[in-house]
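To keep things clear, I will list the structure first and then write my remarks on it.
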Amino acid sequence: MGTARRWIFVATILVGSFLLFLVQPMVARMVLPKLGGAPAVWNSAMLVYQALLLGGYAYAHWLGRFSLKRQALVHGGLLLVAAAWLPIGIASIGAPASGQEALWVPLLLLASIGPVFFAVSAQAPLMQRWFAADSAAGDPYYLYAASNLGSFAGLISYPLLVEPNFLLAQQAWGWTFGYGLLFLLVAGAAAARWHSQNGPASLGTNDAAQPAPSLRRKLHWLAIAAVPSGLMLSTTTHLTTDIVAMPLLWVLPLGLYLLSYVFAFTENSVIKSVLTTVAPAALLLIGGLSMINSGGSMTVALASLALLFILSVSLHGYLYHLRPAPQHLTLFYLIMSAGGVLGGLFAALVAPILFDWVYEHPILMVAAALLLPLPVLIPWQQMLGVSARNAGRVVTVLLGCVAAMAFHVAGEWNGVFEGDIGLFVGLMFLIGVLCIGWRWVYVLVLLALMLAMGGVSNIGQSLSGDRVRSYFGVYSVTDDVAADQRRLAHGTTLHGLQRMGAAERLEPTTYYGRTSGVGLVLQQASPTASIAIVGLGAGTLACYRQPSQTWTFFEIDPVMMQIARDPARFTFLSDCAPDAPVVLGDARLMLEQVPAKTFDILVIDAFSSDAIPLHLLTKEAIDIYARALKDDGLLLLHISNRFFDLEPVLAADAAARGWPVAMRVDEPDDDAGYLTGSSWVAMAPSANRLAMLTYDDPTGTPWQGLEKTPAFRRWTDDYASTLPILMWQNILGTKP
């Protein structure tokens, strides 16, 4: 490739994109002690990254008006100025006020990595423009596939290679070294085109006659780019809210979104062709399930991720098909990036304000149906020789059949594909496939499937006012009249249950029964003890309070406090501890402000669905708890989890402190369903305090030691990896 020197442009784009998406999870890990790990935090961070990417693309488009030499000098200067923000770290700004997290997260990230991210984000379109400045170089668009391959590699390498093996400080310096390498590669790319006479006006000479894209074409690009971006975030929220609440799933949608560009921006890709052909049918089959509002399985989660990838490849492939001549390259990428921000704004900021559930997910599915290429899978009209007019009549009749079947299924839907429900859903899907050639009919069949399979009941729950959404999740309050109980759920995780009978109304339930670890400790507590509870839930633990005890609750979500304090929903707090203060804010930050040696018992029960409160389990976090405890105090941590074994985490920390530690695994015999199995770990600076833990029932499981993993590395704010504690048998559904 002689003068074109393709290799240096490929290397520059790969390194830059690798760094760009390596820094995203790295910074997210750095801010955990300040922000926690709610899915909305990740979505807010993604919105900041998309906005910075848009800024970088706008800068690259603006820079294209100058000569290539001037472009190189300006961009080199920008890279040098941005280096002042290295090594990567978190800016020192005050903690957010309660309820202001959605605005504070972008501010923190902009102050921490804004200039560096902006400078690096510009290199992909800029390098493609420089590459195309040589007439011998060829089509520059394939380099965008290389860019996203580097992005995917950077994103995936963080949890698999970087996080488990390096401290955050080492990661930051490693990224700084990579930034230096990128600067050298950009300089090399500039040198390769330094004597090129091709300026902005002559770029893409062979296509000079092509007019500028019309407004309609620009809006089309914008819409096509917005839908996969929004779907990436809505899939993240949908999975972690109502399917499988596993934090590693937060990275997978973004990884698949990036990987889709690799296939979409490759000429004559067989994978792109196949996925574009099957995308409409896949959207009917899997997208029809997008309004299910109850917990699903890993199979459903994987199907949702597969659909995201299929739709992203199809839509991004359509964008590639609509790409302009190289002279309009930076404009094309600028509008693509604007579409990404638009989709991100809708999914991350607008939807949580407008909706009480993840309705943005099915809405974006419908938007995808409106934009997808619709290649006919079964050309029945041609096979049967049916005229267009008669085919339209047939399709109208079929649509009526779909409406009738959807009405029946919605009335009988219980989440199980049995009997006539399964038959009708299958027929609706088949009719949808037959109608792919008629876009509006196809869209209406998709809507019918969504409404039939959970959509009607989901909307009904919203209209009833029994569900509310906040920055930290979706909470549902539902009554089971037959079981005489009211339940509070956060996504798929039960956060509280109250029995509605007058005699049992204040009896502790779920993870907090009288034989649970926390139940035993609180029943044995001193009548004058000072007790702190981190994580409010429905307020169930309040009914262990004794009259002379001092209780304080810590809760990060104002919406959760409103639910627990509302006696029309739950009465634990109003009946048992109406005067107990509830401190709003991240408990770790709030406990730092508490005077030393304040509490006799400190209970950590701050799970968000099944997400690990990683920043609440590090050495520095437990240092804060130890400071807040009295010398003979007791620390109690709830570690029940479907996907992570947290025993080694606490065993390693207790061993490093020289603290005794014990665990109580409670498996209550409760056919009525009021109690739930739980695992509680007790730690104390005093061996005598831990020795006071008793369990009177000789048939029950006593407090026992924690399982130690000799090679397990203690978690700190600078190092924590979840890979060693993953329970793969639960994740894959292979648990016996």
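A short reminder: the numbers here are calculations on the coordinates, not readings from a lab. It should be emphasised that the depicted structure is a prediction, and the values quoted were computed from it without experimental measurement. Every residue, glycine among them, receives a Cβ derived from its backbone with ideal geometry; neighbour counts consider all protein chains shown.
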Discussion item. Pairing rule first: another cysteine's C-beta must sit under 4.7 Å. Under that rule, which cysteines of the chain stay single?
Written reply: 401, 435
Practice prompt. Would you kindly state how much longer the chain becomes between residue 386 and residue 267 on full extension, computed as 0.36 nm times their sequence separation minus their alpha carbon distance, in nm to one decimal?
Written response: 39.3 nm
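Taking R0 as 56 Å, what's the FRET efficiency between residue 139 and residue 482 from their Cβ-Cβ distance, rounded to 0.05? Mind dumping the intermediate values first?
On the way: r = 65 Å, r/R0 = 1.16.
The pair residue 139/residue 482 has a calculated efficiency of 0.30.
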Worksheet item: Which value does Rg/Rh take for region 372-494 over its C-alpha atoms, Rh per Kirkwood?
Response: 1.12
Worksheet entry | 0 to 90° range, to nearest 10: angle between helix 647-657 axis and the chain longest Cα axis | 70
Worksheet item: Does anyone have the angle between helix 142-157 and the longest principal axis of the chain? Alpha-carbon axes, 0 to 90°, nearest 10?
Response: 20
Worksheet item: For region 503-731, what is the relative contact order in percent, using Cα pairs closer than 8 Å and at least 6 residues apart in sequence?
Response: 21
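May I ask you to order 472-482, 497-507, 647-657 by the average number of other C-beta atoms within 10 Å around their residues, highest value first? Walk me through the intermediate numbers first.
Working: 472-482: 17.0, 497-507: 15.1, 647-657: 19.6.
So the peptides 472-482, 497-507, 647-657, ranked by packing, come out 647-657, 472-482, 497-507.
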Worksheet item: If you place +1 on the Cβ of every Lys and Arg and -1 on the Cβ of every Asp and Glu, how big does the dipole about the Cα centre of region 1-196 come out, in debye to the nearest 20?
Response: 460
Discussion item. Run the count for the chain, please: Lys pairs, Cα-Cα under 21 angstrom, 8 or more apart or on different chains.
Written reply: 5
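What is the local net charge at residue 554, summed over the other residues whose Cβ is closer than 13 Å to its Cβ (Lys, Arg +1; Asp, Glu -1)? Provide the component values of the computation, followed by the final result.
On the way: positive: 588; negative: 555, 557, 586, 592, 605.
It works out to a net charge of -4.
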Response to the item:
Mean separation of Cα contacts under 8 Å (at least 6 apart) over the residue count of the chain, i.e. the relative contact order in percent, is 13
Worksheet item: Where does each of 509-521, 172-184 land if you order them by average Cβ count within 10 Å, highest first?
Response: 509-521, 172-184
Worksheet item: How large is log10 I(q)/I(0) at q = 0.12, 0.17 Å⁻¹ when the Debye formula is applied to the Cα atoms of region 488-582, each weighted equally and without solvent?
Response: -0.34, -0.70
Item to complete: Amide H neighbours of residue 629 under 5 Å, at least 5 residues apart or on other chains, H built in the peptide plane: list them.
Response: 597, 598, 599
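What's the extension gain from residue 494 to residue 73 if we count 0.36 nm per residue and subtract their Cα-Cα distance? Let's see the in-between values first.
Working: separation 421, 0.36 × 421 = 151.56 nm, distance 5.79 nm.
My answer for the length gained is 145.8 nm.
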Worksheet item: Got a sec? Charge dipole of region 1-196, +1 on Cβ for Lys and Arg, -1 for Asp and Glu; which of 131, 17, 110 is way out at the positive end?
Response: 131
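Give the order of 304, 679 when sorted by the count of other beta carbons within 10 angstrom, beginning with the fewest. Walk me through the numbers before you get to the answer.
Details: 304 25, 679 20.
Listing 304, 679 from fewest to most nearby Cβ atoms yields 679, 304.
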Worksheet item: Separation between the residue 631 and residue 504 pseudo-spin-labels, each 7 Å from Cα along Cα→Cβ, expressed in nm?
Response: 4.6
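Work the Kirkwood hydrodynamic radius out for region 290-379: mean of 1/r over every pair of different alpha-carbon atoms, inverted, in Å.
Working: mean 1/r = 0.0647 Å⁻¹.
Kirkwood radius, region 290-379: 15.5 Å.
Hey, got the dipole for region 503-731? About the Cα centre, +1 on K and R Cβ, -1 on D and E Cβ, debye to the nearest 20?
540
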Response to the item:
Nearest 10, in degrees from 0 to 90: the angle of helix 329-345 to the longest Cα principal axis of the chain is 20
Worksheet item: Beyond 14 Å, what percent of the Cα pairs of region 599-662 remain?
Response: 58
Item to complete: Please list the non-local residues whose amide H lies under 5 Å from the amide H of residue 583, H modeled 1.01 Å from N, same-chain partners needing a gap of 5 or more.
Response: 553, 554, 555
Discussion item. Sort 108, 723 by Cβ crowding within 10 Å, fewest neighbours at the top.
Written reply: 723, 108
Discussion item. Which residue, 694, 715, 540, has the largest displacement toward the positive end of the dipole of region 503-731 when charges sit on each Cβ (Lys, Arg +1; Asp, Glu -1)?
Written reply: 715
Discussion item. If I stretch the segment between residue 177 and residue 321 completely, what's the gain in nm (0.36 nm per residue apart, minus their alpha carbon distance), one decimal?
Written reply: 48.1 nm
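About its Cα centre, how strong a charge dipole does the chain have in debye, to the nearest 20, once Lys and Arg get +1 and Asp and Glu get -1 at the Cβ? Walk me through the numbers on the way to the answer.
Working: 40 positive and 45 negative charges, 630 e Å.
Taking the Cα centre of the chain as origin, the dipole is about 3020 debye.
Show me the three semi-axes of the equivalent ellipsoid for region 1-196, from the C-alpha gyration tensor (sqrt of 5 times each eigenvalue), largest first, rounded to whole Å. Before the final figure, lay out each step's value.
Details: eigenvalues 200, 58, 42 Å².
Rounded to whole Å, the semi-axes are 32, 17, 14.
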Item to complete: Between residue 704 and residue 669, with labels modelled 7 Å along Cα→Cβ, what's the label distance in nm to one decimal, could you check?
Response: 1.8
Item to complete: Calculate the tail of P(r) for the chain: the fraction of all Cα-Cα distances greater than 44 Å, expressed in %.
Response: 32
Worksheet item: Sorted from largest down, what three extents in whole angstroms do the Cα atoms of region 503-731 have along their principal axes?
Response: 49, 43, 36
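Please tell me the relative contact order of region 1-196 in percent, rounded to the nearest whole number, where contacts are Cα pairs under 8 Å and at least six residues apart.
Relative contact order here is 46 percent.
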Worksheet item: In region 1-196, with Lys and Arg counted as +1 and Asp and Glu as -1 at Cβ, which of these residues, 146, 89, 75, has the Cα nearest the positive end of the dipole, that is, farthest along it?
Response: 75
